[in-house]
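Below is one structure, written out as structure tokens, with a few remarks after it.
The values are calculated or read from the model by the stated rules, or taken from the named source; none is laboratory data. From a predicted model like this one, the values you see are computed outputs, not experimental measurements. Heads up, the Cβs are rebuilt from the backbone with ideal geometry, glycines too, and the neighbour counts pull from every protein chain shown. Side chains included, ligands, DNA and RNA excluded: accessible areas come from the protein's heavy atoms. Shrake-Rupley method; radii C 1.70, N 1.55, O 1.52, S 1.80 Å.
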Amino acid sequence: MSAEHVGEGAPLSGSQLTIAADGYTAEIATVGATLRSLRHDGRDLVVPFAADEVRPVFRGAVLAPWPNRVVDGRYAFDGTDHELALTEPTRQHALHGLVGWTDFAVEAHESDRAVLTTTIAAQAGYPFRVVVTVEYRVDGTGLHTAVTGRNTGPARAPWGTGPHPYLVAGPGTVDDWTLTLPAAEVLEVTPDRLIPTALVPVHDEFDLRAPTVIGPRFVDHAFTGFDRDADGTAAIDVVAADGHGVRVTFGTECGWVQVHTADHVVAEYHRTGLAVEPMTCAPDAFNTGADRGLVVLEPGAAHTAAWTIAAV
């Protein structure tokens, strides 16, 4: 988990990789294999941050071997109890996996493509060895990301992944934008610690299947039960008043999406972008298992999840 790849003179966010094609330009930072910025014809599609800045609020990071939270940092797997470090101190959970602050090695860097990799070493709380490979690629249809976990250890390993982009539709803030989220179910959570409770049909402020102005509503919930096309692809749109916006698409390997209106005590972060995070599993899936999307990697097996961010 060390940052052995960061050179002495590198920016705080790690080595910088730029890829571009057909009007899209993405800047990748190696710490966390982070999407530091994404623009289309000069327009921001995600909230960026500076290269020589410690990445704020997981902005653009890859989340693995779990996205979201493991409640209390505790789970049982294959008959053994495990306890993870609590990395969300205010709520006392293990948050967003183990690679967010790892400096990834660069396996390939071409004009329109970058591949980064790291190994999650077997450790207390997660005694499994998984190689994580992240591929970013741009073309005329957007930025395509694929994350693969490959179990190189001797035992089965629990696995989940997802990204953490904060989307920017256009001028204004989250309140001004229109969201189309074609999900039939929402995972309710406790108000204080965001502990998952019941999976219920979308209702009231969480029914966003038709284009809806976000307004002042607060959302920090996981959704599932997506409308998908014949190929199994689902799409989420965030659009500004001028008609421009961002679309996130993802396949059936991502059965869940966390959406967060980015309410934050730091004024400069507050509701400046909408977090839209396709996930292979629900929050706390290490405890709820396959019913909530947990992937189990057999020794030698691999799993890939992919998503695309595009301008609309």
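A compact table of results
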quantity	calculated
Residue within region 249-258 that is at positive phi and either touching an Asp or Glu at 6+ places or on another chain (Cβ under 7 Å) or open to solvent by 60 Å² or more (accessible area, probe 1.4 Å) (or both) present	no
Some residue of region 210-224 being at positive phi, modelled with pLDDT under 95 and open to solvent by less than 40 Å² (accessible area, probe 1.4 Å)	no
Strands (runs of 3 or more DSSP E) within region 127-166 that include 1 or more residues more than 25 Å from Arg36 (Cα to Cα)	142-151, 157-159
Selected residue [open to solvent by less than 30 Å² (accessible area, probe 1.4 Å) and within 21 Å of Met279 (Cα to Cα)] from Arg74, Arg36	Arg36
Output for region 167-193, where each listed residue is part of a strand (DSSP E or B) and without any contact (Cβ under 8 Å) to a residue 60 or more places away in the chain	Thr180, Ala184, Glu185, Val186, Glu188
One residue from Ala155, Ala234, Ala146, Ala184 being modelled with pLDDT of 95 or more, open to solvent by less than 10 Å² (accessible area, probe 1.4 Å) and out of contact with any Leu (no Cβ under 9 Å at 6 or more places or on another chain)	Ala234
Region 232-262, residues that are of a type in the set (A, V, I, L, M) and in a strand (DSSP E or B)	Ala234, Ala235, Ile236, Val238, Val239, Val246, Val248, Val257, Val259
Any chance Arg271 is under 24 Å from Pro201 (Cβ atoms), part of a loop (DSSP other than H, G, I, E, B) and of a type in the set (Lys, Arg)	no
Flag for Thr197 being among the β-branched types (Val, Ile, Thr) and assigned to a loop (DSSP other than H, G, I, E, B)	no
Pair list, Cβ < 6 Å and 6+ apart or interchain, from region 76-99 residues that are within 21 Å of Pro163 (Cα to Cα) to residues that are among the aromatic types (Phe, Trp, Tyr) and assigned to a loop (DSSP other than H, G, I, E, B)	His96/Phe58; Gly97/Trp66
